[in-house]
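The values are calculated or read from the model by the stated rules, or taken from the named source; none is laboratory data. Keep in mind it's a predicted model, so treat the numbers as computed, not measured. Cβ atoms come from the backbone with ideal geometry, glycine included; neighbour counts cover every protein chain shown.
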Amino acid sequence: MSPMKLPEILAPAGNLEKLKVAINYGANAVYLGGQKFGLRTAADNFTLDELKEGVEYAHSHDAKVYVVLNSFLHDKDLGELPEFLAFLNELKIDAVIVSDLGVVKMVRDLTDIPIHLSTQASTLNIESAKFWKKMGASRIVVGRELTVKEAGEIRKAAEIEIEMFIHGSMCMAYSGHCVISNFTQGRDSNRGGCAHSCRFEYSLDFKLDNEEKKKAYFMSSKDLKGLRVLPEFIESGIDSLKIEGRMKSHLYAGTMSKVYREALDFYAQHGHFLSDKLQVWESELRKVSHRDYTTGSLIEKAGSDSIFNEREHSQENEWQMIGTVCHSDEEALVLEVRNAFNLEDELEFLPFEGDAEKVKIFAMKNTKGENLERTKPTTLVHLAPRPHLKPGVLVRREMKA
């Protein structure tokens, strides 16, 4: 028998460090933005030098890099695009993610870069997929409104790669068609300025004698979680599973990449998810900041139960990233501290492979060899050796309510 074809795990890379985190934890590919032409202008994004380093790091770890050019551009924007495309072509990036037909034509005419059609183009049917294939797209990132079965049918009929979102924040509007931010904040949501107006609390006045004015978050969606839908993705031949979240944390990028990598590998080996590991993976997904979870439209069309009609709030037990292992050998483990912790706190080390390791800290020193009772952010701390842990491993702590 030929080996089972697994979909690609595609993780968000909001900056260079997150790129390395996602790849270290098992992502096959990352998507990222430069300083222009994308829809996440509030993210750190990549300078040209960072792009070069990121591509080199990814390719040296057998991972791919996709650059987002998914903003809807005006003519003045198009005038600046050729120079950037020439740079990307020289870097040999693995694809660009595009939504604008004019950008598609320019990429096709000026470069050899594969074109992935962004979900912003709202491709929801076979004929649309066939059209974009003729225009030069090699992959379609289908709209979130499709079920996995529908996406699989498009893949088969149009004979084109299909990418679907499997985890992360959701939008109540058709991707690429929301203009609420334009009117509430004067920020164009389709040109990188989304203010997430759908998350706001609104007053509803039904003008009925027996109905009082209500306040609600009726346009806010729960977060997508497709872990238990993995068999359907595989059986439908979906090529890439996309994790949303370029503006989210390092801990998010690492946790998501690790969970979905381990789940896919388990399925490839056993052909099922009948294991206690499923509970472990779901526990991991609850340890990152999230709204309530839903499967969205992955199995059947999303209904009113997918609305997150609550104020954004902290979870009962929030997990905080404490730092990153920057050196580990037989003598000491050196931790780069992001958030302070105290002596005798219990930390969790999240290895690239295998279960998280709980460690109570009984001794720690600064770089001068002085004993510490409490750490400070942006400092290096020496802990007891754990030589099996590699540089880049994330460390977290449970912040109990």
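Here are some notes:
- Residue in the range 318-327 that is among the acidic types (Asp, Glu), over 30 Å from Glu150 (Cα atoms) and assigned to a loop (DSSP other than H, G, I, E, B) present: no
- Options Lys358, Lys368; residue that is part of a strand (DSSP E or B) and surrounded by fewer than 13 Cβ atoms within 10 Å (Cβ to Cβ): Lys358
- In the range 169-188, the residue that is farthest from the chain's Cα centre (by Cα) out of those that are closer than 27 Å to Thr255 by Cβ and surrounded by fewer than 20 Cβ atoms within 10 Å (Cβ to Cβ) is Met172.
- For the range 324-355, the set of residues classified as among the hydrophobic types (A, V, I, L, M, F, W, C), under 22 Å from Arg261 (Cβ atoms) and either surrounded by fewer than 19 Cβ atoms within 10 Å (Cβ to Cβ) or in contact with a helix residue (DSSP H, G or I) (Cβ under 6 Å, 6 or more places away or on another chain) (or both) consists of Phe352 only.
- Residue satisfying condition, being under 22 Å from Ile166 (Cα atoms) and either out of contact with any Cys (no Cβ under 8 Å at 6 or more places or on another chain) or not assigned by TED's automatic domain parsing to the domain that holds His250 (or both), within set Glu346, Glu336, Glu300: Glu300
- Contacts under 8 angstrom Cβ, first residue in the range 323-350 being touching a residue at least 60 places away in the same chain (Cβ under 8 Å), partner among the basic types (Lys, Arg) and part of a strand (DSSP E or B), 6 or more apart: Leu350/Arg396
- The number of residues in the range 168-184 that are in a loop (DSSP other than H, G, I, E, B), small (Gly, Ala, Ser) and modelled with pLDDT of 80 or more comes to 1.
- Selection count, the range 98-136, where residues are of a type in the set (A, V, I, L, M, F, W, C) and farther than 26 Å from Leu224 by Cα: 10
- Note on the range 138-157: residues that are part of a strand (DSSP E or B) and touching a Ser or Thr at 6+ places or on another chain (Cβ under 9 Å) total 3.
- Top-ranked residue of the range 266-315 - restricted to ones that are polar (S, T, N, Q), at pLDDT 90 or above and in a helix (DSSP H, G or I), ranked as surrounded by the most Cβ atoms within 10 Å (Cβ to Cβ): Ser283
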